[in-house]
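This report concerns only the one structure given below.
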């Protein structure tokens with residue numbers, strides 16, 4: 001029997017080969033391995049020499065398993081991969097934007113200040129009850145009672161906090177009124193957690209001071225100097241109880257500048273990253289990690305290149321002369337956005353998110369960025385596009401990354417072709433993950449990509465090869481739109497998308513009531529797109545290399561717009 005299998009936009013005529021014994025687990029195609037693209041200038045070639053020791057890099061790791069969750073801790077929301085997920089708990093102390101001081105861990109009862117650590121423990125217990133371990137507790141917001149006695153002014157005077165910032169976008173952003181009381185509060189909290197949960201448990205939790213401190217005034221309405229002092233007071237208090245506690249901070253990326261915005265003393269608001277590193281070195285302030293925010297959007301030229309992102313947003317902090325070499329650099333908030341209108345961060349529901357995450361993954365590995373915290377990635381049981389990318393990258397975890405070289409010209413100006421190459425040291429396996437992204441979101445003509453691997457095996461060595469592919473044809477929301485055309489049109493066009501919303505956005509945020517109801521009712525019909533699908537195996541033989549003991553595996557593949565493909569090779573003994 002013959003079947004038609006569509007792999008990355010190319011129709012391949014496949015037949016099945018009957019095998020027995022050890023090979024019975026493999027289903028083979030009767031087709032030969034696709035040959036290189038020749039005779040055209042519109043070809044990009046990615047070449048990796050696995051025989052060159054200088055190309056050997058780091059071991060690939062899962063950087064995507066930490067998930068942000070925040071108040072009011074009544075609903076958690078399970079991530080796609082619950083088995084490996086860990087939780088970063090934000091705003092555990094209260095100070096919420098509801099202005100309800102009764103939820104705070106530090107309260108004024110009319111006569112005295114009162115610790116309400118029971119509320120913090122309730123939140124911790126709620127998270128733990130969902131079967132996912134706590135990775136980190138964020139010591140924010142500052143509870144509302146710490147505002148008592150602070151003078152606010154209507155107009156800037158260079159001395160007092162502004163009244164307009166008393167109730168900030170995300171809750172209380174005013175520094176504590178009494179630094180000594182704050183220190184005692186934090187020290188008492190950590191001691192209570194140790195007494196209640198045990199030192200071994202609490203030592204496994206990291207403690208972060210605040211969230212996006214340099215996003216003024218939403219998260220911090222004080223000065224940079226007040227922030228640094230607050231950080232040192234907080235971490236010293238934590239480590240006075242747990243000397244080996246892992247502590248750190250979350251700030252904005254190095255290139256961040258908030259135009260036309262100054263703090264209450266008139267200082268321009270911009271990233272504090274380099275100043276923070278210098279402060280810690282000069283004042284013996286400890287940090288085990290620094291996390292930044294990364295919210296890229298289409299049409300941003302400085303967010304469409306791995307090296308440019310690093311040079312602008314990360315390197316000034318991570319490679320600062322005063323950087324602690326024992327610390328690690330992380331990304332604590334990530335989402336590929338279509339819109340931030342009305343302070344609603346809307347990610348991609350389409351394959352753009354999956355392709356861009358391939359670019360992000362290349363950056364993470366190339367520049368040794370250890371973690372990327374994410375938000376919810378499941379909508380009505382259907383996975384967001386980047387989950388398919390991480391599921392594919394997970395098959396490369398533990399393998400050794402190798403540097404590659406890129407040459408040639410794309411068929412479409414502006415298409416970004418990149419990849420990740422890896423070797424399985426023990427199993428004689430070789431992987432190539434390739435992606436196609438463009439900073440402008442319109443789908444374009446597919447690209448022709450040559451993949452070349454030089455391997456330490458003699459010419460004629462037999463191998464098997466298969467592909468995994470993900471693009472708009474495998475995207476659950478785009479398949480929903482194909483079945484329900486109204487889901488691809490604005491209301492003014494007779495569709496279900498709210499007027500003005502980006503048509504590539506997340507369905508739960510762009511569909512109006514009728515469209516969302518249909519999406520809920522039919523979500524089960526698209527569960528098949530929660531999985532990456534693989535081709536059958538091909539058989540092939542390596543071709544002659546430059547020297548006797550090495551050879552090459554070379555193939556051509558098409559790569560549609562906003563898509564990725566993983567090529568998996570196994571040497572047959």
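Every number here is computed from the coordinates shown, using simple stated rules; none is lab data. Since this is a predicted model, take the numbers as computed values, not measurements. Note that each Cβ is placed from the backbone with ideal geometry, even for glycine, and that neighbours are counted across all protein chains shown.
Fewest first, what order do 368, 140, 288, 49 take by the number of other Cβ atoms within 10 Å? Show your work: numbers first, answer last.
On the way: 368 12, 140 27, 288 17, 49 22.
Listed from fewest to most nearby Cβ atoms, that is 368, 288, 49, 140.
Per 5 Å bin from zero, what fraction in whole % of the C-alpha pairs of segment 447-573 is there, up to the bin with the longest pair?
In whole percents, the pair-distance histogram is 2, 10, 15, 14, 11, 10, 8, 7, 6, 6, 5, 3, 1, 0.
When you count, for each residue, the other Cβ atoms within 10 Å and take the mean per peptide, how do 92-104, 428-440 rank with the highest first? Walk me through the numbers on the way to the answer.
Details: 92-104: 19.2, 428-440: 21.6.
For the peptides 92-104, 428-440, the packing ranking is 428-440, 92-104.
What full-extension length gain, to one decimal in nm, is calculated for residue 274 and residue 200 as 0.36 nm per residue of separation minus the Cα-Cα distance?
23.3 nm
Give the percent of DSSP beta bridges with both residues in the chain that are antiparallel, rounded to the nearest 5. Show your work: numbers first, answer last.
Details: 71 of 109 bridges.
That works out to approximately 65 percent antiparallel.
If you bin the C-alpha pair distances of segment 66-396 every 20 Å from 0, what whole percents do you get?
30, 61, 9
So what is the diffusion coefficient of segment 349-425 in µm² per second by Stokes-Einstein at 25 °C and 0.890 mPa s, using a Kirkwood Rh over Cα pairs? Before the final figure, lay out each step's value.
Values: Rh = 14.2 Å.
In µm²/s, the coefficient rounds to 172.
Under a plain spin-label model, where a point goes 7 Å from the Cα along Cα-to-Cβ, how far apart in nm are residue 442 and residue 128?
If labels sit at residue 442 and residue 128, their model points lie 5.5 nm apart.
Relative to the compact-globule scaling 2.2 N^0.38 Å, provide the ratio for the alpha-carbon radius of gyration of segment 204-261.
Working: Rg = 13.0 Å, N = 58, 2.2 N^0.38 = 10.3 Å.
Cα-based Rg divided by the globular estimate yields 1.26.
Where does each of 381-394, 454-467 land if you order them by average Cβ count within 10 Å, highest first?
Values: 381-394: 23.1, 454-467: 18.0.
By packing density, highest mean first, the sequence is 381-394, 454-467.
Which order results if 286, 160, 219 are arranged by neighbouring Cβ count within 10 Å, fewest first?
Values: 286 18, 160 15, 219 23.
The order, fewest Cβ neighbours first, is 160, 286, 219.
Cα-based Rg (one decimal) and Dmax (whole number) for the chain, in Å?
Gyration radius and largest Cα-Cα distance of the chain: 26.3, 86 Å.
Viscosity 1.567 mPa s, temperature 4 °C: what is the translational diffusion coefficient of segment 65-208 from Stokes-Einstein with a Kirkwood Rh over Cα pairs, rounded to a whole number of µm²/s?
Working: Rh = 16.3 Å.
Using the Kirkwood radius from Cα pairs, D works out to 79 µm²/s.
Compute the separation of the alpha-carbon centres of segment 396-441 and segment 455-507 and state it in Å as a whole number.
19 Å
So for the pair residue 370, residue 524, with labels modelled 7 Å out along Cα→Cβ, what separation do we get in nm?
Simple spin-label model gives 4.4 nm for this pair.
Output the 0 to 90 degree angle, nearest 10, between the alpha-carbon long axis of helix 273-283 and the longest principal axis computed from the alpha carbons of the chain.
Between the helix axis and the principal axis of the chain, the angle is about 60 degrees.
Sort 555, 509 so that the residue with the fewest other Cβ atoms within 10 Å of its own Cβ comes first and the one with the most comes last. Walk me through the numbers on the way to the answer.
Numbers: 555 22, 509 18.
By the 10 Å Cβ count, ascending, the order reads 509, 555.
Can you pull the one-decimal nm distance between simple spin-label points at residue 153 and residue 97, each 7 Å off the Cα toward Cβ?
That separation, rounded to one decimal, is 2.8 nm.
Determine the distance separating the Cα centre of segment 97-120 from the Cα centre of segment 206-270; give it in Å without decimals.
Result: 23 Å between the Cα centres.
Between helix 179-197 and the chain, what is the angle of the helix's C-alpha long axis to the longest principal axis, kept within 0 to 90° and rounded to the nearest 10?
Tilt relative to the chain: about 60 degrees.
Counting pairs of Cα atoms in segment 377-494, how many percent are more than 22 Å apart? Write out the running numbers ahead of the final one.
Numbers: 3590 of 6903 pairs.
I get 52 percent for the Cα pairs in segment 377-494 exceeding 22 Å.
Can you give the Kirkwood hydrodynamic radius for segment 122-205, in Å, rounded to one decimal and based on Cα pairs?
Value: 15.3 Å, from the Cα pair sum.
What is the P(r) of segment 308-392, as percent of Cα-Cα pairs per 10 Å bin from 0?
15, 44, 29, 12, 1
Over segment 66-396, what is the mean sequence separation of C-alpha contacts under 8 Å (at least six apart), divided by residue count, expressed as relative contact order in percent? Kindly include the intermediate steps, with their values, before the conclusion.
Details: 610 pairs, mean separation 48.3, N = 331.
It rounds to 15 percent for segment 66-396.
So if we plug the beta-carbon distance of residue 307 and residue 41 into 1/(1 + (r/R0)^6) with R0 = 41 Å, what FRET efficiency do we get, rounded to 0.05? List each step's numbers first, then the result.
Numbers: r = 25 Å, r/R0 = 0.60.
It comes out at approximately 0.95.
Nearest 10 degrees, 0 to 90: what angle lies between the long axis of helix 513-522 and the longest principal axis of the chain (Cα atoms)?
The answer is roughly 50 degrees.
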